[in-house]
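Worksheet for the structure shown next.
Bear in mind that the values in this text are calculations on the coordinates, not laboratory data. All figures in this text were calculated on a predicted structure; none of them were measured in a lab. Ideal geometry is used to build each Cβ from the backbone, glycine not excepted, and the neighbour counts take in all protein chains shown.
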Amino acid sequence: MSKKKELLRRAYVVLAMLVLVAILLVGSTVRISVIERSTWTAKGDSTKLEFVDIEPDRGNIYSHDGRLLATSVPFFDLHMDLNSEPMTDRIFVAHVDSLSIYLSQYVFKNESAGNVRRRLVRSRKAGNRYFLIKKDATYNELTQVKNFPLIRLGKYKGGLIVERKSRRLKPFKSLASRTIGLDRENAQSVGLEDTFDAFLRGAVGKRLMQRVGNGVWIPVHDLSEIQPERGQDIVTNLDMRMQDICQTALQEALIRHDADFGLVVMMEVETGAIRAMVNLDGGTSGGQYRERYNHAVADATEPGSTFKLASMMALLEDGFVDITDSVDINHGRAKFGRRVMQDAHWRKETTVSLQRAFEISSNVGIAKVVDDYYGVGDNAGKFLKQLKRFGLHEKTGIEIRGEGAPEIKDTDHPKWNRHMTLPWMAHGYELEVTPLQTLAFYNAVANDGKKMKPFLVSTIKLGTKVIKEFNPQELRSKIASRSTIAKAKELLEGVVENGTGRNIKSSHYTFAGKSGTTKLEYWVKGQNKYQASFVGYFPAENPKYSCIVMVTNPKKDGYYGGTVAGPVFKEIADRCMGTDVSLMAFNNNPKTDILETLPYFEVGYAPDLLKVLREVDLEFVQKTTNDWVVTLPAEEEGGLVVKNRNIDPDLVPNVVGMGLRDAIFILENMGLKVKINGSGKVKDQSLAPGTKLKNQKILLYLG
């Protein structure tokens, strides 16, 4: 019995010991996981290392004359590791007072030096290794902070942690904004930023980081760090002077006609280099027009009467007609199949020459002759073959992604109607092309039949080293015979001399082109939306530039291409003919035109303005060597006088009379936030010149 009791006693002892051990284990688990959790987590964090990416500087985008269009501006988040090992208590105590004074004076301006010191001491005692000094500091602010007491002892003893980031900026703001594009992390990039991303983005670097608790990581400075490689630079064909001319002219027209949106593309005839591309949309806050979508490249729409040139050239190439042949326009009304076609206006004439029908943009005249020759037998195929020879069925291949695909129906298309399709195609309906594709076709006519690929980028560079060059590219060596091209030019010149473009004819130089008026959504009863366009080239006798203007849904003061888009084309051509030295020989009165365009340069950047005055051989007296000047009529000497426009770095400047580009450049570089009302050059400003600068907002009134 006693032996049995002894065994039970021993079992109870073992059980008690097991229970005690279990209690100790549970207690230790609770202590470690709950009571001492933060301590052990911090110790675990201090041993966790990880390599992270260092984003490189993105390459710049330049205009063809070296102006900066897009750049990455660096910003810095500044922190302090107040518990770095080399920062001993002796070092900290010796410098904390003077550091607090500097931080209070230059960073925490609304906080006393005493309060800053208390925060620094508290943070050091709490083991803070990521004390925030400033977020989004500029490079100048970073340089200033690096010279503060304690911090200037170096990155180890001073504890400064610099996290570099960048922000993409466009110095010319809205000019060519959509063409330049956007580089976006969480959405599809667009424009040149997207197409050339592989060149612009550079190579990512690597940095070893240590986690110090609460999700905070600090850099470990060692030899394993791999520095990022800066991206390559893109040099475009864009000319910002022309871009500004085109945007200003278009914006004024959009406002005047209360249009939904509009576009301008300007191209060099011989090379296909795009010198300006403007896309302005309405519907934005404040009633302003902004670049939001590249209509010029992406929108394939029915072109309307600008397509009549292709119809006439097809007829000429096939030898069916000559421009002196006659056509019965029946006062501008005819029936094809079940549909009635009308000209824009009733015509008193019944029979006119084909050239005259083209000049007055007779829908009936062009449709009748196309139907007469191509609407019999299998001849429709000949018409389509000629359109394809012109390259109108193909994309241009411009670098920007998203080019709209042209649509030209074949005879086996399910919607082909043998009575109605040809007549409507003849004057620009039942087919679709983009504005850029239309311009490329007209540019080929101006270029004596050679069709060039429109292109935006000329060079990719790394520093001064050229990585890649993009040369002019020929799409088709000859879209038509020499005879047809000569007659096409005669037709286009006739439009400006005697037809729908005669209201924009210049007495100083010649240009050629065709107006277009497209009715939109014509299948909707009661719909009265139109698209006005004008496409052509100048000077007519030796074309240097081709240009297309399109204005969609003008709601005031007309909707015809000749009265809405045509004046925009002429204003652009006037300014180019008056300021481009290479075109002076084709201008009968260049100095008059130049003087008429000088308000555009009246106040501005001296090197730009003086260069223009010298190149066009205008008499002027220069009375300043400053960067910013104003040109005024010289009362005694005649000609012009160039005087100083004083810019005091501590006072709000006078930007009245400046172009928007120059005004924004000056004001934003002085720390002012700029808002704009209207279009054109600066007529007035909300802050009086001479007001002390305090990082204010300024409203510019344009006109």
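Observations
- Sorting 470-478, 262-270 by their mean Cβ neighbour count within 10 Å, with the most densely packed peptide first, gives 262-270, 470-478.
- Here the extension length gained between LYS5 and ALA198 equals 60.9 nm, from 0.36 nm per residue of separation less the Cα-Cα distance.
- Label sites at ALA126 and GLU469, each approximated as a point 7 angstrom past Cα along Cα to Cβ, lie 6.2 nm apart.
- In degrees, nearest ten, helix 363-374 long axis to first principal axis of the chain (Cα): 80
- Mean Cα-pair separation over length for the range 240-586, i.e. relative contact order, pairs under 8 Å, 6 or more apart, %: 22
- Mean separation of Cα contacts under 8 Å (6+ apart) over length of the range 232-330, as relative contact order %: 19
- Principal-axis tilt of helix 380-389 within the chain, Cα atoms, nearest 10 degrees: 50
- Note on LYS48 and LYS556: their simple-model spin labels are 6.2 nm apart, each label 7 Å out from Cα toward Cβ.
- Spin-label pair GLN188-ASP77: with each label point 7 Å from Cα along the Cα-Cβ axis, the two points sit 3.1 nm from one another.
- For q = 0.16 Å⁻¹, Debye-computed log10 I/I(0) when each Cα of the range 51-236 counts as one equal scatterer: -0.99
- Residue pairs, from the table LYS388/LYS519; LYS308/LYS450; LYS146/LYS694, whose Cα atoms sit over 22 Å apart: LYS388/LYS519; LYS146/LYS694
- Taking a point 7 Å from the Cα of ASP97 along the Cα-to-Cβ direction, the residues of the range 147-171 with backbone N closer than 16 Å to it are 149-150.
- Amide hydrogen neighbours beyond the local backbone of GLU291, cut-off 5 Å, H modeled: ASP281
- Computed from the Cβ-Cβ distance with R0 of 35 Å, the FRET efficiency linking ARG31 to GLN210 stands at 0.85.
- This model, with +1 at the C-beta of Lys and Arg and -1 at the C-beta of Asp and Glu, gives the range 240-586 a dipole about its Cα centre of some 280 debye.
- Report note on the peptides 105-114, 169-178: ranked by the mean count of other C-beta atoms within 10 Å, highest first, their order is 169-178, 105-114.
- Simple Cβ-charge dipole of the range 51-236, Lys/Arg +1 and Asp/Glu -1, about Cα centre, in debye nearest 20: 800
- Take every pair of alpha-carbon atoms less than 8 Å apart whose residues are at least six positions apart; their mean separation over the length of the range 93-194 yields a relative contact order of 17 percent.
- Since only ILE54, ALA296, TYR156 are under comparison, the one whose Cα sits farthest along the positive direction of the charge dipole of the chain, derived from C-beta charges on Lys, Arg, Asp and Glu, is TYR156.
- Near MET658, the amide H atoms lying under 5 Å from its own belong to VAL682; only residues 5 or more places off or on other chains count, and H is placed 1.01 Å from N.
- The residue among PRO543, LEU8, LEU250 whose Cα reaches farthest toward the positive pole of the charge dipole of the chain, with charges on the beta-carbon of Lys, Arg, Asp and Glu, is LEU8.
- Packing-based ranking, highest mean first, of 425-432, 554-561, 271-278 given that Cβ atoms within 10 Å are counted: 271-278, 425-432, 554-561
- Alpha carbon Rg of the chain, scaled by the compact-globule rule 2.2 N^0.38 Å: 1.33
- Rounded to the nearest 20 debye, the dipole magnitude of the chain is 4120 debye, with +1 charges on Lys and Arg beta carbons, -1 on Asp and Glu beta carbons, and the Cα centre as origin.
- When the Cα positions of VAL19, ALA380, ASN528 are compared along the charge dipole of the chain, VAL19 comes out farthest toward the positive end, with charges on each C-beta of Lys, Arg, Asp and Glu.
- Pairs from the list LYS453/LYS570; LYS135/LYS461; LYS382/LYS487; LYS382/LYS529; LYS385/LYS555; LYS368/LYS415 with a Cα-Cα gap above 28 Å: LYS135/LYS461; LYS382/LYS529; LYS385/LYS555.
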